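Trainee: A single structure is presented below for examination.
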Amino acid sequence: MQLTYLFLSIIGLVLPCWQLISFIYLNGLDFPLFWSQLFINQISSAFGLDLFVSSVVFWFFLFREGTRLQMKLLWIYVVLSLTVGLSFALPLFLGMRLASNSLSVSVSKA
């Protein structure tokens, strides 16, 4: 399952960055244009707002679950979700969560 999460996080890194790099190449770091295009119509607004809400839900889950499993550097996943995207940060966290959970189970059995 960890390989699946790794594969999904790589896809979540490549696909959004491919589009973002293309936008930056064509327009530069034009944040007003970026925001206006994100909310240019109701469909893109729905996707943007869904992503924002999903990100906040992820951050609550991240800190709750990460703290429960005593995972370190949880803030990195928030930074990754804000800079690269949720599609990268979420599967990466789930993979690391699985690794952390597996490690704690094997330590408790010893």
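Throughout, read-outs are computed from the coordinates displayed, never taken from laboratory work. What you see is a predicted model; the values in this text were computed from it and never measured. Using ideal geometry, Cβ is built from the backbone for each residue, glycine included, and neighbour counts are taken over all protein chains shown.
Trainee: What does a probe at residue 53 reach in the stretch 71-86, counting residues whose amide N is under 11 Å from the point 7 Å along Cα→Cβ?
Mentor: none
Trainee: Using only DSSP helix segments of four residues or longer, with each worth -39500 (n - 2.57), what per-residue ellipticity at 222 nm results for the chain after dividing by its residue count and rounding to 500? List each step's numbers first, then the result.
Mentor: Details: 5 runs with 94 residues, N = 110.
Roughly -29000 deg cm²/dmol at 222 nm, from the helical runs in the chain.
Trainee: Here are several values of percent of Cα pairs over 18 Å apart: [x] 67; [y] 43; [z] 59. Which one was derived from the coordinates shown?
Mentor: [z]
Trainee: Tell me, what is the FRET efficiency for residue 61 and residue 15 to the nearest 0.05, using R0 = 22 angstrom and their Cβ-Cβ distance as r?
Mentor: For R0 = 22 Å, the calculated efficiency reads 0.45.
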